[in-house]
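Each reported figure results from applying straightforward, stated rules to the coordinates on display, with no laboratory input. Since we're looking at a predicted model, the values are computed, not measured. Neighbour counts run over all protein chains shown; Cβ positions are idealised from the backbone, glycine included.
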Amino acid sequence: MTTYAQKTTPTFALRPIAAALAMLSASLPAYAQETAPAKTENTQLETVVVTANKRAQNLQDVPASITVLNEAALQRANVRDFDDLPALSPALSVTYSTHPGNYSINMRGIGTFSLGIGVEADVSVIIDDIPIGIQAGAFKDLTDVFRVEVLKGPQSTLFGKSSIAGAVNITTKPIGGPLKLTTSTQATNDSEWRIGAAVAGSISDNFRVRLATSKTSFDGTLNNLTTGRMVNGSKGETVVGKFEWNPTDNLTLTLSPSYNSSEKFCCTSALTFMTPGGLYKNIAALPASTVLAGITPGPGNINIRSDSPIGGVSHTSTTGFKANYQFPQESGLAGYALASISAYSTYHMDDYNDGDGTDADVLAYIKENGKLSGFHGGLFQNGFFNTISRSQEIRLTSPDSGNFRFVTGLWYGDNQLERELNRQPATSYATLVNAKARNTSYSVFGQSSWSFLPNTSLITGLRLNREDTSYHFQRFTPSPAPRVLTEDLTGKNTNNDVTGRLGLEHRVNKDIMVYGMFSTGHKGVAYDLTSSFTADTAKYQPVPAETARSFELGAKTNLLNNRAMLNVALFQTKFKGFQQSAGFTDPDGLYRTVLHSIGGLQTRGVEVDGTFKVSPTLLLNGGFGYTEATISDFENGPCYAVEGPGGKSQPGPGCAANPKYNNTMVQNLAGKTLPNAPKVKLNLGAQYDILLPERSFNAFVTGSYNYTSAIQYSLNQDPLTIQDAYSIVNAAVGIRSKKDSYKLTFFVNNLFNQSYAIGLNNAVAAGNWNSAAPNPVIPVHLQQWTPARDYKRYMGVRLDMTF
């Protein structure tokens, strides 16, 4: 069994850092005369404002468990893209797949395990009031971000049907003050670099503008011996605009265009164990010793071989337009605000994969129907995702004062999604399908807070939603043969649902608030629009909707004269009708493994968020989450394999042939932990400012500690796909101009070189590698890992400047 807690010694290539230091030396003299005195008297925490309830509120006044990552926290952690956020929020995790179109966001251990354009996400991502139409579009650079709110538990009442497990609400930077230019550059010793710039400010008394751009690149964590290049990296370019105009004192118009281009050369695993003597597809001419030349399977191996690109290139463009009208004081609606948010976005990704995972001429030897295919080279895949999203929201918000406060609105959303998958050129691997899906939603929603007693409020919320869904699925003769239609399927459905929330909020005193909340969630019907979709399975689609019921008890406290904040929440959420691929006997009497409603899941636990300003120069913060995300009903779950007599594969403990499921080997997964759902996550952070009265700058030291308990990466509960608990320590030192004209940071991530994986695979005498008669009989066992971005120690430098 492979252990994934290895110590590796990195080789430090310091050229990028040296270049950044050279740039700094040319820039700093311009600020040498700045001697503004440091402000040392402030020992109170700043107010944290969130928009979780579609109105600006103090975090401590919102009866919900929310982790808030402000601009300073994101900068301290060097957050680049969405993948970096789970390290800062115990409730959040990301599940990676074989290509970037199938990445999944999990909240409190719950995410979408069966993916495709016919299945909605369980966690929604919203940027400046605009939801992302396909979850894959969230995995891009987080350029010009001001605040990230991690909203835990069902958010369907205010954020709609794709928020059954939670939502991530992202706000970009506001515009204010005189026109100024900011720049940011970063480089690391393992070939990551970032550059960014933004210009923002007032052009006139009633017109403001913000333009930001960034370019990032990271080579990756695995070494492709075939090409000599690193993989499992990414690069991206982003442009974000925001234009605000006040034609009158009460009306604000905001136009927010953005564009992102991202490439992820990713989704590859490296061998950590392989039984010697294996043959590719049992072909004597393709022994592992030749096909995998230069690769030594073992803990920490980062070498692979691949002659086809793996990953995807995406392009996202979004245009949002918001009109916000504040009713004048002399009107009968003084203090009310009416907002209209319109959005149009497109997402396109071209994806590709290596079908055989080697660089060998495998097709020269593979036989089909007893004959050689006549092709040379390897198997490969390409395809695309295409999404067009439109949305319109009309929202009325009451004044913040008074005993009764509310937000209500109308919502329209339309998503058109397309997926084409082309596997070629031969064998049963080859397929060509095109699937289109559409979902259109119409909603009316509202949420209110009624202070029926001086210190006690009743929270109510309701959303009525109608969703029209449809699909069009086509299958063609696989490439490189001429494209001929062989199957053409369509379907449609209409679904109505009601979600809501009901709770009590009580303010014990000005510093302590306690609350209890019940909420429901809903995720729409699903279609199994994958390459295995057929006319037979189409007869039993769509898969019914998911539903959730959630209870949460919490307390929000300000302590020590607002020097400390401590928020605690207890939660339990039960899900019914979870959409998951599994084997079932359909009403026609045939047994199929397709998307189904499997029964139930639940997640429960406790969450703690805290901040403590120990002194004017020392700030501590942290978050803790204990989560039990388990299966409550899944009697025909998948099995894992173990080694049997003669080294052959056999079903693991707990698996048995069940006549209810065509005597297939299945296991009852009730009570088992969901994949990628660690029970304990802890993150602690600190920043200490070192005041230098005789200098034009001050210094600072920051540090963070992140602990994650053991993670099971497989739904089938294979003990060899468990990542052991690990801890990551990051540290940084730097200087900051007293006029905030520059900030220089030197950092070391994964200080103690703790290696860990974000994905593990195990195959026992199964897969492409084996050796059987007439060759020597050798059951081949494989183990693979996908190393994390920070699986080894690396260092870097960052320079932020303002002009």
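Starting with the fewest neighbours, write out ARG147, ARG793, ARG438 ranked by other beta-carbon atoms found within 10 Å of each beta-carbon. Before the final figure, lay out each step's value.
Numbers: ARG147 20, ARG793 23, ARG438 17.
Sorted ascending by nearby Cβ count, the order is ARG438, ARG147, ARG793.
Between the Cα long axis of helix 15-27 and the first principal axis of the chain there is an angle of about 20°, rounded to the nearest 10. Assign one of three labels to region 84-138, namely rounded, prolate or oblate, based on the Cα gyration tensor with a ≥ b ≥ c the square roots of its eigenvalues; rounded applies when a/c is under 1.5, prolate when it is not and a/b is larger than b/c, and oblate otherwise. The shape class here is oblate. A viscosity of 1.002 mPa s and a temperature of 20 °C, combined with the Kirkwood radius over Cα pairs in Stokes-Einstein, give a translational diffusion coefficient for region 244-332 of 113 µm²/s. Of the options (1) 14, 48, 31, 6, 0; (2) 14, 39, 34, 12, 2, 0; (3) 15, 43, 33, 9, 1, only one is P(r) over Cα pairs in 20 Å bins from 0, in percent as computed from these coordinates, and that is (1).
Electrostatic tally near ALA731: other residues with Cβ closer than 14 Å to its Cβ, Lys and Arg +1, Asp and Glu -1, net +2. Counting other Cβ atoms within 10 Å as a rough exposure proxy, the listed residues HIS506, HIS522 run HIS506, HIS522 from fewest neighbours to most.
Sorting 247-256, 168-177 by average packing, meaning the other beta carbons within 10 Å per residue, from highest down gives 168-177, 247-256. With the helix formula -39500 (n - 2.57) applied to DSSP H stretches of n ≥ 4, the chain reaches a computed 222 nm mean residue ellipticity of -1000 deg cm²/dmol. Each part gets one Cα centre, and for region 261-311 versus region 659-705 those centres are 30 Å apart.
Given +1 on the Cβ of Lys and Arg, -1 on the Cβ of Asp and Glu, and no further charges, what dipole in debye does region 293-383 carry about its Cα centre, rounded to the nearest 20? Kindly include the intermediate steps, with their values, before the conclusion.
Working: 4 positive and 9 negative charges, 34 e Å.
Around 160 debye, computed over region 293-383.
Considering only the other residues whose Cβ falls under 10 Å of the Cβ of VAL209, what net charge follows from Lys and Arg at +1 and Asp and Glu at -1? Neighbourhood net charge equals +2.
Using a/c under 1.5 as the rounded threshold, could you call region 672-762 rounded, prolate or oblate? The axes a ≥ b ≥ c are square roots of the C-alpha gyration tensor eigenvalues, and prolate needs a/b larger than b/c, oblate otherwise. Mind dumping the intermediate values first?
Values: a/c = 4.22, a/b = 3.63, b/c = 1.16.
Prolate, since a/c reaches 1.5 and a/b exceeds b/c.
The mean of 1/r over all distinct Cα pairs in region 747-803, once inverted, gives the Kirkwood hydrodynamic radius of 15.1 Å.
Counting charges near LYS140 (Lys, Arg +1; Asp, Glu -1) among other residues having Cβ under 14 Å from its Cβ returns a value of -2. Exposure proxy shown here: for VAL764, VAL199, the number of other Cβ atoms within 10 Å sets the order, fewest to most, as VAL199, VAL764. According to the Cα-based calculation, Rg over Rh for region 372-443 is 1.42, with Rh computed by the Kirkwood formula.
For region 93-249, what class follows from the C-alpha gyration tensor (a ≥ b ≥ c being the square roots of its eigenvalues): rounded when a/c is under 1.5, otherwise prolate if a/b is larger than b/c, else oblate? Since a/c reaches 1.5 but b/c is at least a/b, the shape of region 93-249 is classed as oblate.
With a cut-off of 8 Å between alpha carbons and a minimum separation of six or more residues, what is the relative contact order of the chain in percent? Kindly include the intermediate steps, with their values, before the conclusion.
On the way: 2287 pairs, mean separation 105.5, N = 803.
Relative contact order here is 13 percent.
Working from label points 7 Å from Cα in the Cα-to-Cβ sense, the VAL444 to LEU372 distance is 7.1 nm. Pairs with C-alpha atoms separated by more than 24 Å, drawn from the list LYS152/LYS576; LYS54/LYS152; LYS215/LYS738; LYS161/LYS492; LYS574/LYS672; LYS54/LYS173, are LYS215/LYS738.
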